[in-house]
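Report on the following structure.
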Amino acid sequence: MTERILTRNWQIVNAHTLAVYQSRGGYRALAKALTQMTPEQVTAEVLASNLQGRGGAGFPTGRKWRFLPPPDGGPRYLVVNADEGEPGTFKDRYIMELDPHMMIEGIVITGYAIGATKCYIYIRGEYRPAAHRTLAALHEAQAAGLLGPGILGSGYSLDTDVIMGAGAYICGEETALIESIEGKKGWPRLKPPFPAVKGLFGRPTIVNNVETLACIPHIIERGGAWFAALGTPRNGGTKLFAVSGDVEQPGVIELPMGTPLRQVIAACGGVKGGRKVKAVIPGGASAPVLTADDLDLPMDFTSVAAAGSMLGSAAVMVMSEDRDMVYALSVIMEFFAHESCGQCTPCREGTRWSNEILHAILAGKGRNSDIDTLLDIARNMDGTTICPMGPGAAAPLRSFLTKFRPEFEAAIENLRNRARGEAAA
Amino acid sequence: MSGELVRLTIDGREAMVPRGTTILQAAESLGIYIPRYCYHPALRIVGSCRICQVEVIGNPTPQISCFTQVAEGMDVLTDSPLVKRVRTAVMEFLLLNHPIDCPICDTSGECDLQNFYMTDGKHRSRLRHHKINRTKRKRIGQNVVLDQERCILCSRCVRFLQEVVQTHELGLFGRGAPERIDLVEGKSLDGNNYAGNIIDLCPVGALTDDDFRFKFRVWDLSRAPSICPFCSAGCNIEVHFNTELCWKNNAMRIGRVKPRLNPHVNSYWMCDIGRYSFHYTEHPDRLKQPLVREGEQQTAHSWSAALALAAAKLKQAVAGGTGRLAAFPSLYMTVESAFLFRRLFSDQFNTARMGFQSGIGLTGGDGFLLRDDRNPNRLGLELVKMDRKGGEPRDELLERLPQSKFSAVVYVQELPERDPPAELAAALRGATAALIVFATNATPFTALADIVFPICPWTEDHGTWVNWQGRAQWLTPALPPMGGAKPLAAALAGLAPFFGLNFGQGAPDELFDRMANEVPAFKGLTLPRLGGEGAGLPGFPASRLTTLTETKER
């Protein structure tokens with residue numbers, strides 16, 4: 001097994017405390033960045049690392065930072081997206097609960113690189129233990145001079161604030177998250193302008209994921225080139241995979257970018273009960289589903305995208321041969337219908353409609369034309385909405401229906417016949 | 001933006017528009033209308049309804065034209081197969097949870113769901129499941145009724161209340177398909193004088209007007225431009241009426257009044273005081289024939305007979321310069337009428353007292369549209385210089401009438417409810433030889449007058465009003481005069497020959513030219529210049545002539 005980087009402290013007792021984190025080499029990277037590097041050098045190192053945003057979009061982090069306009073003396077913000085809401089994803093939670101200082105060190109280095117004057121950490125409302133650990137760690141760091149005014153005796157100061165979400169999936173979308181911090185309803189904004197230009201409170205803002213930030217200290221300490229070499233040519237570093245579903249040992253596992261899907265499953269003890277794989281969702285509910293034919297796919301952003309899906313948050317959901325795809329899709333679409341923010345028409349109406357149809361099929365009221373209707377809904381939600389949630393809801397719909405169409409056709413027929421039989425009896 | 005021009009192509013036609021223009025606006029400049037629900041030129045762009053999507057060549061996904069700005073060399077298609085597909089999809093999505101109760105919906109006929117279904121929908125329904133049930137017929141303001149089921153969540157009403165009047169009564173609650181518009185807890189639109197505008201803004205039948213609904217079908221209504229008379233703002237309005245189907249509407253020809261765009265005066269808006277005060281003009285107590293008192297009875301006379309009687313009474317009362325005349329012009333009369341009134345009474349009788357600086361209705365302005373001065377033409381009367389000796393406040397002169405031994409009183413009604421009490425007319429009986437009244441509606445006061453002339457209210461009148469800004473606006477009649485009522489100017493022109501004056505038949509354009517010739521403030525102004533948005537009079541600051549709001553940074 002390769003070296004553990006992000007998870008290196010997870011099995012150490014009390015790794016969430018400052019003392020243990022520092023005894024394991026923590027905050028050395030921060031000292032290096034603040035005393036030996038300019039902000040521009042930090043950004044250059046991150047660019048060289050090929051680090052891509054770990055929230056799901058996989059956009060190169062260094063390039064995102066470079067979108068910021070030159071400083072104008074006014075405030076600019078770093079926002080930490082800890083609203084981990086993509087179904088199947090639970091990696092950021094582990095970081096915040098088991099090793100919050102790694103994230104905080106990343107926050108301060110990033111804040112230094114982008115010239116942030118304040119950092120908001122937006123934590124999913126259900127993540128109370130994670131929020132408590134994060135808050136405690138922030139207090140410790142502040143008391144030790146690692147946060148707050150004049151960090152480590154340097155001229156750089158950073159203030160932080162923890163904001164708890166209220167449970168809306170959409171607030172993981174960066175502009176909805178910004179609206180939420182501003183005290184408004186979590187509705188995604190029209191873009192442009194992008195947050196780097198006009199974000200929180202109308203000021204330049206960088207929104208980064210927890211895991212992204214946890215990578216930063218290692219990149220600074222050991223170099224961008226080292227980090228890049230861990231992964232594939234265009235996808236640097238290691239990746240946390242949140243594996244769930246029909247595997248023997250579900251959980252978060254750290255593997256290099258580009259590890260084949262088959263190995264990811266194997267690392268979790270293989271498929272439960274030695275059964276065969278039927279389907280795998282590689283990156284959270286909004287990633288198109290893969291089939292048993294795709295098990296050799298290298299799990300990195302580029303390769304999974306080339307296969308017509310997306311690595312997303314790398315929440316791997318394994319479904320074995322006895323899983324009912326119609327039911328699985330109905331669960332996913334129920335989620336999207338519940339979580340659509342209601343702002344723009346296609347997603348608001350399309351998610352509910354598809355959910356209604358799927359539940360009608362399950363109730364034995366399906367029609368053969370339903371599959372084409374569902375595919376039409378998917379097409380009409382894709383690329384026609386304000387934020388990526390429309391395409392995100394369309395992806396499972398389209399992929400399940402095209403890759404498992406015979407199963408859907410059979411289910412419509414069988415469930416209808418059964419319902420009629422029951423009615424007759 | 002700096003006025004730099006960008007060249008782009010829309011549906012194969014070239015357009016040159018300033019940088020910063022949206023595709024929707026650029027298309028509009030070519031006469032290409034792109035459907036829209038959430039977009040309104042006076043509100044923040046939210047881009048949520050998605051009906052305005054267009055294809056921008058080179059872009060894999062359709063773009064919303066209300067928000068996307070033009071770029072050099074852009075090639076836009078508003079009618080491609082992709083555009084048709086996404087628009088039909090939006091129509092299908094919007095109608096999923098819409099009750100499609102057009103036959104009983106008051107907005108039917110002017111509903112954008114209907115309009116765009118015909119242009120961009122025409123799909124067959126594929127819905128087989130239950131529509132979402134929501135609140136219907138919820139009264140959210142004095143005249144505003146909300147039907148949440150018909151609502152398509154475009155949020156125009158919410159944004160108007162947030163951005164324009166900033167009172168925040170409405171909000172969007174919940175999320176996803178069951179989302180709905182509703183009153184914010186503890187708030188009501190009852191006291192909001194601008195609530196009616198959200199009915200105009202609603203592109204569907206979710207917000208309907210309780211003062212109007214179920215009285216006319218909108219396709220039965222004709223529209224005529226007019227000007228709101230109920231304060232000195234002079235908001236441009238449109239009168240919606242039907243002269244034949246009034247039995248549906250309590251015999252009233254007017255169904256409703258809507259704002260008409262004038263960017264310098266009222267933008268797209270008007271206030272509820274203006275919107276709901278027109279009813280008196282169609283009331284059964286409207287005067288339809290001249291009345292002459294004989295004993296205790298007023299009897300109907302012809303115009304010519306009544307005019308001759310009035311002239312005789314006036315001449316008799318003020319003969320030889322011994323008798324005195326008190327004249328009450330109205331702040332609702334046009335500049336032309338005021339000019340005739342001055343020529344007839346102030347210039348003729350040097351003993352006349354003029355009472356027109358009414359103090360009535362001088363409060364309650366809100367710094368947005370509604371002004372303190374609840375009269376349409378105070379400035380106009382001041383410019384005509386009604387009384388060279390300086391007038392006297394109307395109410396004060398009225399009050400001291402019985403004691404002051406005026407031999408004749410000429411009174412022009414402003415609004416029926418502003419008429420003095422009947423006791424005043426009774427008290428004048430002994431002291432005054434003649435009480436001559438020009439009025440639109442019968443009141444206890446007019447009932448005791450010696451001669452009553454039925455005149456047209458603003459809905460039937462012609463002429464010029466000058467609003468608080470110093471903007472002269474041309475009022476045209478929306479309706480033919482009711483019964484034998486005549487415009488005040490025509491009535492005064494009919495009286496003029498008895499005093500050796502000649503104003504012709506009182507034709508509006510002739511009178512205007514004559515007035516403009518003699519009143520310095522209007523020198524050089526011609527009728528065509530008044531058309532459309534009106535014309536600022538010289539001597540009034542340009543800043544005042546183009547500001548919607550008075551002083552407050554809102």
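The values are calculated or read from the model by the stated rules, or taken from the named source; none is laboratory data. Treat the numbers as computed from the prediction; the structure is a model and nothing was measured. As a convention, Cβ positions derive from the backbone with ideal geometry for all residues, glycine included, and neighbour counts pool all protein chains shown. Note: accessible area is taken over every heavy atom of the protein model, side chains too, but ligands, DNA and RNA are not part of it. Shrake-Rupley method; radii C 1.70, N 1.55, O 1.52, S 1.80 Å.
Looking across the range B:96-106 at every residue that is within 13 Å of B:GLN148 (Cα to Cα) and within 14 Å of chain A (Cβ to nearest Cβ), the one that is nearest to the chain's Cα centre (by Cα) is identified as B:HIS98. Taking the listed residues B:GLY255, B:GLY234, the one that is in a loop (DSSP other than H, G, I, E, B), crowded, with 18+ Cβ neighbours inside 10 Å and small (Gly, Ala, Ser) is B:GLY234, with no other qualifying.
Does the range A:76-90 contain at least one residue that is closer than 18 Å to A:SER244 by Cα and of a type in the set (D, E, K, R)? Quick ask: steps written out before the conclusion?
Step one: of the range A:76-90, the residues closer than 18 Å to A:SER244 by Cα are A:84-90.
Cutting the leftovers down to of a type in the set (D, E, K, R) gives us A:84, A:86.
There is at least one residue in the range A:76-90 that is closer than 18 Å to A:SER244 by Cα and of a type in the set (D, E, K, R).
Just so you know, in the range A:145-161 the residues that are open to solvent by 70 Å² or more (accessible area, probe 1.4 Å) and in a loop (DSSP other than H, G, I, E, B) include one that is nearest to A:ILE123 (Cα to Cα), and it is A:PRO149. So the check is Cβ under 6 Å with 6+ separation or different chains; which pairs have a first residue in the range A:351-377 that's within 8 Å of another protein chain (Cβ to nearest Cβ) and a second one that's open to solvent by 50 Å² or more (accessible area, probe 1.4 Å) and in a loop (DSSP other than H, G, I, E, B)? Pairs found: A:THR373/B:ARG126. Only residues that are within 11 Å of another protein chain (Cβ to nearest Cβ), open to solvent by 30 Å² or more (accessible area, probe 1.4 Å) and assigned to a loop (DSSP other than H, G, I, E, B) were counted across the range B:146-202, and they come to 3.
Residues that are within 14 Å of chain A (Cβ to nearest Cβ) and over 23 Å from B:PHE160 (Cβ atoms) do occur in the range B:11-21.
For the range A:322-345, taking the residues that are away from chain B (no Cβ under 11 Å) and among the aliphatic types (A, V, I, L, M), the one that is nearest to A:ASN414 (Cα to Cα) is identified as A:VAL326. For the range A:47-82, residues that are in a helix (DSSP H, G or I), out of contact with any strand residue (DSSP E or B) (no Cβ under 9 Å at 6 or more places or on another chain) and in contact (Cβ under 8 Å) with a residue 24 or more places away in the chain total 1.
For the range B:107-116, the criterion of a residue being open to solvent by 10 Å² or more (accessible area, probe 1.4 Å), over 29 Å from the mean Cα position of the chain (by Cα) and without any contact (Cβ under 8 Å) to a residue 60 or more places away in the chain is satisfied by no position. Taken across the range B:419-430, residues that are in contact (Cβ under 8 Å) with a residue 60 or more places away in the chain and either within 16 Å of B:ALA327 (Cβ to Cβ) or touching a His at 6+ places or on another chain (Cβ under 8 Å) (or both) do not occur at all.
Could you please give the count of residues in the range A:201-217 that are of a type in the set (D, E, K, R) and open to solvent by 10 Å² or more (accessible area, probe 1.4 Å)?
Of all residues in the range A:201-217, those of a type in the set (D, E, K, R) come to A:203, A:211.
Of the ones still in play, those that are also open to solvent by 10 Å² or more (accessible area, probe 1.4 Å) are A:203.
Residues flagged as of a type in the set (D, E, K, R) and open to solvent by 10 Å² or more (accessible area, probe 1.4 Å) within the range A:201-217 amount to 1.
Of the residues making up the range A:272-283, those that are open to solvent by 20 Å² or more (accessible area, probe 1.4 Å) and assigned to a loop (DSSP other than H, G, I, E, B) are A:ARG275, A:LYS276.
Let me confirm something: among A:ARG416, A:ARG348, A:ARG420, which residue is more than 9 Å from chain B (Cβ to nearest Cβ), assigned to a helix (DSSP H, G or I) and open to solvent by less than 50 Å² (accessible area, probe 1.4 Å)?
Working: A:ARG348 fails: more than 9 Å from chain B (Cβ to nearest Cβ); A:ARG420 fails: open to solvent by less than 50 Å² (accessible area, probe 1.4 Å).
Every option except A:ARG416 fails the conditions.
Restricting attention to the range B:32-67, report how many residues are over 30 Å from the mean Cα position of the chain (by Cα), β-branched (Val, Ile, Thr) and more than 7 Å from chain A (Cβ to nearest Cβ).
At the first step, the residues of the range B:32-67 found to be over 30 Å from the mean Cα position of the chain (by Cα) are B:47-65, B:67.
Next cut, β-branched (Val, Ile, Thr) only: B:51, B:54, B:56-57, B:61, B:64.
Then drop every residue that is not more than 7 Å from chain A (Cβ to nearest Cβ), which leaves B:51, B:54, B:56-57, B:64.
So the answer is 5.
Going by the structure shown, is B:ARG44 open to solvent by 60 Å² or more (accessible area, probe 1.4 Å), of a type in the set (D, E, K, R) and either assigned to a strand (DSSP E or B) or without any contact (Cβ under 8 Å) to a residue 12 or more places away in the chain (or both)? No: the conditions fail for B:ARG44. Is it the case that A:SER286 is surrounded by 15 or more Cβ atoms within 10 Å (Cβ to Cβ), in contact (Cβ under 8 Å) with a residue 24 or more places away in the chain, in a loop (DSSP other than H, G, I, E, B) and in contact with a helix residue (DSSP H, G or I) (Cβ under 6 Å, 6 or more places away or on another chain)? Here the answer is yes, as A:SER286 does meet what is asked. Scanning the range A:367-398 for residues that are part of a helix (DSSP H, G or I) and open to solvent by 30 Å² or more (accessible area, probe 1.4 Å) yields a count of 6. Residues being more than 20 Å from B:HIS129 (Cβ to Cβ) and more than 8 Å from chain B (Cβ to nearest Cβ): count how many of those fall in the range A:383-395. Adding up the residues that qualify gives 7.
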